[in-house]
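Trainee: I'd like to ask some things about the structure below.
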Amino acid sequence: MRVNHTDELIRLVEQGEVELGLILDPGLQSELLIVKELFRQPLHLLVSVQHPLAQMKGSVTLKQIMTEPLLLLDETSRMGQITKRIFARRELPVSPLVEIESVEGLKEMVRQDVGVTLTLPALIRPSQIGNDLVLLPITGLEEEFIFALVYRRVGSISRAAREFINAITQQTIPSSPDTRT
């Protein structure tokens, strides 16, 4: 198993170096790959349990978020690129306190109450919610992010990979039919 950025995982699967990848927000057209949408999620605000926003009942707005010390993934990650696009589309200037490459490092800084970040619920372990971290929905943020499974269209695939593909696709139901398979 490897953890890597979406673009790098796609390259590794295309070249046959890995059999399959779990990727975020696939925007690719490839004759070599099958992309199966697994599920979609909107961005949420992640704060520490000590943060004043953690006591709020309900959602927050992007304007509220702009008043907080913002911690973001850097532009080497798909999520960092997407997050900055969201602010740009709304003509909201974004000046993060910190930009970092690591999701785990980002979560740790939020847990330490250094600042807040935008993230997807699937990237947070259930054991962290309520104990260390709080996820808050964001009002007016319609964008949803696609989690997908990607693997080669041709060539053999190991039995373990095939079983994984079958198990994960049976566990998840995409919100719209996958037209790329």
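Trainee: Considering the range 29-49 alone, what residues qualify as being free of Cβ contacts under 8 Å to residues at least 24 places away in the same chain and of a type outside the set (Gly, Ala, Ser)?
Mentor: Gln29
Trainee: So in the range 134-165, with the set limited to residues that are open to solvent by 40 Å² or more (accessible area, probe 1.4 Å) and part of a strand (DSSP E or B), which one is farthest from Asp113 (Cα to Cα)?
Mentor: Arg152
Trainee: Another question about this same structure. How do the pairs read when you match residues in the range 142-164 that are on the phi < 0 side of the Ramachandran plot and touching a residue at least 24 places away in the same chain (Cβ under 8 Å) with residues anywhere that are crowded, with 16+ Cβ neighbours inside 10 Å and assigned to a helix (DSSP H, G or I), using Cβ under 6 Å and keeping only pairs 6 or more apart or on different chains?
Mentor: These pairs meet every condition: Val150/Val13.
Trainee: Only one of these conditions is not met by Leu12: (1) closer than 30 Å to Gln171 by Cα; (2) among the aliphatic types (A, V, I, L, M); (3) in contact (Cβ under 8 Å) with a residue 40 or more places away in the chain. Which number is it?
Mentor: (3)
Trainee: Taking Ser127 as the residue in question, decide whether it is without any contact (Cβ under 8 Å) to a residue 24 or more places away in the chain and in a loop (DSSP other than H, G, I, E, B).
Mentor: It is false that Ser127 is without any contact (Cβ under 8 Å) to a residue 24 or more places away in the chain and in a loop (DSSP other than H, G, I, E, B).
Trainee: Another question, then. Are there any pairs with C-beta distances below 6 angstrom linking a residue in the range 62-86 that is over 20 Å from Gln112 (Cα atoms) to a residue that is part of a helix (DSSP H, G or I) and polar (S, T, N, Q), with the two at least 6 apart or on different chains, and if so which?
Mentor: Glu75/Gln81; Arg78/Thr6
Trainee: Got a sec? Which of Lys63, Lys57, Lys107 is surrounded by fewer than 19 Cβ atoms within 10 Å (Cβ to Cβ) and assigned to a helix (DSSP H, G or I)?
Mentor: After applying the criteria, what remains is Lys63.
Trainee: For Val18, indicate whether it is outside any strand (DSSP E or B), open to solvent by 20 Å² or more (accessible area, probe 1.4 Å) and not acidic (Asp, Glu).
Mentor: The answer is yes for Val18.
Trainee: Return the residues of the range 66-77 that are more than 21 Å from Leu136 (Cβ to Cβ) and open to solvent by 40 Å² or more (accessible area, probe 1.4 Å); say none if nothing qualifies.
Mentor: Of everything in the range 66-77, those that are more than 21 Å from Leu136 (Cβ to Cβ) and open to solvent by 40 Å² or more (accessible area, probe 1.4 Å) turn out to be Glu75, Thr76.
Trainee: Run Leu92 past the list (1) part of a loop (DSSP other than H, G, I, E, B); (2) out of contact with any Leu (no Cβ under 7 Å at 6 or more places or on another chain); (3) open to solvent by less than 50 Å² (accessible area, probe 1.4 Å); (4) not acidic (Asp, Glu) and report the number of the one that doesn't hold.
Mentor: (2)
Trainee: Please go through (1) at pLDDT 90 or above; (2) under 15 Å from the mean Cα position of the chain (by Cα) for Glu101 and return the number of the only condition it doesn't satisfy.
Mentor: Going through the list (1) at pLDDT 90 or above; (2) under 15 Å from the mean Cα position of the chain (by Cα), Glu101 breaks only (1).
The values are calculated or read from the model by the stated rules, or taken from the named source; none is laboratory data. Small disclaimer: the values here were computed from a predicted structure and weren't measured. Virtual Cβ from ideal backbone geometry, glycine too; neighbours counted across all protein chains shown. These area figures cover heavy atoms from the full protein model, side chains too; ligands, DNA and RNA do not enter into them. Shrake-Rupley method; radii C 1.70, N 1.55, O 1.52, S 1.80 Å.
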